[in-house]
1. Given the options N58, T459, A277, identify the residue whose Cα lies farthest towards the positive end of the charge dipole of the chain (+1 on Cβ of Lys, Arg; -1 on Cβ of Asp, Glu).
2. Figure the gain on full extension for A351 and R463 (residue separation times 0.36 nm, minus the Cα-Cα span) and round it to one decimal in nm.
3. Which residues make up the longest stretch of the chain clear of GluC sites (Glu not before Pro) that lie in a DSSP loop with no more than 12 other Cβ atoms within 10 Å, not counting the sites?
4. So how far apart, in nm, are the two label points at S41 and R389 if each is 7 Å from Cα heading toward Cβ?
5. Using the Kyte-Doolittle scale, which helices in the chain average at least 0.5 and also have C-alpha atoms spread 20 Å or more along the helix axis, with helices defined as whole DSSP H runs?
6. Between F399 and A123, take the C-beta separation as r, use R0 = 56 Å, and let me know the FRET efficiency to the nearest 0.05.
7. Show the residues, 5+ positions off or on another chain, whose built amide H is closer than 5 Å to the amide H of L37.
8. What's the local net charge at H183, with K and R +1, D and E -1, over the other residues with C-beta under 15 Å away?
Amino acid sequence: MSAALQGTVFLNDHFSRDLPELSIPWKAEPTPDPRLLVLNSRLAADLGLDLEFLRSDNGLGLLTGTAVPEGATPVAQGYAGHQFGSYSPRLGDGRALLMGELRGPDGTVHDLHLKGSGRTPFARGGDGLAAVGPMLREYLVSEAMHALGIPTTRSLAVVATGATIHRDTPQPGAVLARVAASHLRVGSFQYARAMGDEDLLRRLADHAIARLHPDAAEAEHPYRALFDAVVSAQARLVAQWMLVGFVHGVMNTDNMTISGETIDYGPCAFMDGFDPAALYSSIDAEGRYAYRNQPVIAEWNLARLAESLLPLLHDDEDQAVEVAMGSLRTFRDQYSAAWSSGMREKLGLAATDPADDAATPVVDGVIALLQQHGVDYTSFFRRLGAAARGDSAPARALFTDPTDYDAWANTWLALGPDADRIDRINPAYIPRNHLVEEALAAATAGDMDPFLQLLYAVTDPYRERPGLERYAAGAPEDFGPYRTFCGT
Ligand code: AMP
Ligand code: MG
């Protein structure tokens, strides 16, 4: 690589310099025959990255970690976590690397992070690798979430490594390059707290404040303000998941960020028919992370964050617990407020409706209606646009017997819903499970076209386009029950 090209990517190492205890400098495994499967040119431009460079051999080296820009220090990040309620003191990046931090042309700082780049000292029994299918799934779903306005890690590229990896069947290997405001997790704080080193905990909190919640630095009690900020960010985030019908599937504390970005797309899915018990993970036998449990689990995870932060909240432990509880108690109200105003918007009603009393039964009624009839969640809201314009046929067609719909729609229409608002907020295209499976199977067999077509639909989700009808349609009768697999 020429010196000029090398100079196009400058990666900072703030994380590893601020927090060496959480950083193990490490190298990616060589890739036998790297091939770019998908590159996010719009994101690259936002980050000030040169597309020609990213497509070059050295660019692929950066995207797989095998070519490290001068001055950069890739590290595996240490973190702990509660997995399905049980504490694991040492998880960490078993197959991932933080390459460093990128400063975009607008001055914002982002982590550049790789997944599937080989074993690290945190790998335990894992092979450190990732398959093309799951990495493309994360690319697709994270970019769909971003297009839906939901905070998330972003996907920059997926590179097939040319290696074959061993799962149930042999699979082509891949590395995902992703970008986030930060990869700090609740588990990062659990790890620091477990080390019993208060100075480390303080440096971690200072780092999080500086990178993610700078307003907290101005507060009377910056660490309490940090916790408040994470509680608020997660309340808003989980409300957005619920409103769009997203099931994360593996809300362990190591998969919950301090930034409030959605992270780690494993056994996630968007529900088809409305079902509060919706869950797609093959390993979650008890349904801990089912759709309806997500707000309560988020609150539970935040309690684990609070426990980790206690020494910073007050010198006296009892009082620290009081402070933490006071903040945590606001989660439910913040979540409910975000969900209620979001649901009003989905129904074409003003987010903060002065005629609240009239809207409340309509909001409650829509959930009862959806639950009773199990209709396709995304199609239902999308079709309300036509109903608000006077054509109720598309929405009615979702019900075998539309009597309940008609009764509900009468009270809803009486509130004068705004059809344009409905179209702006309810997507026509989401990564439907049957389409995702079809796209990933084709990509694994070497045909990227179905993936790219689906990506085109879901990254512009509100603008209905001729020719994309099958991307807006519900799952075919013969599809399901749907299961996805974690840790692949
Ligand atoms: P997650 O799937 O994000 O909940 O990952 C849980 C933990 O398992 C993290 O510490 C990962 O780094 C680790 N892990 C998952 N898959 C692998 C793998 N194939 N090799 C090594 N570590 C892995
Ligand atoms: Mg994870």
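1. So the residue we want is N58.
2. 38.1 nm
3. Here the longest segment lacking exposed loop sites spans 287-476.
4. The modelled label-to-label distance comes out at 3.2 nm.
5. What comes out of the filter, once short or polar helices are dropped, is 222-244, 294-313.
6. Efficiency computed from Cβ-Cβ geometry: 0.65.
7. V158, V159, A160
8. Local charge sum for H183: -3.
Each reported figure results from applying straightforward, stated rules to the coordinates on display, with no laboratory input. All of these numbers come straight from a predicted model, not from anything done at the bench. Don't worry about glycine lacking a Cβ; one is built from the backbone with ideal geometry, like all the others, and counts go over all protein chains shown.
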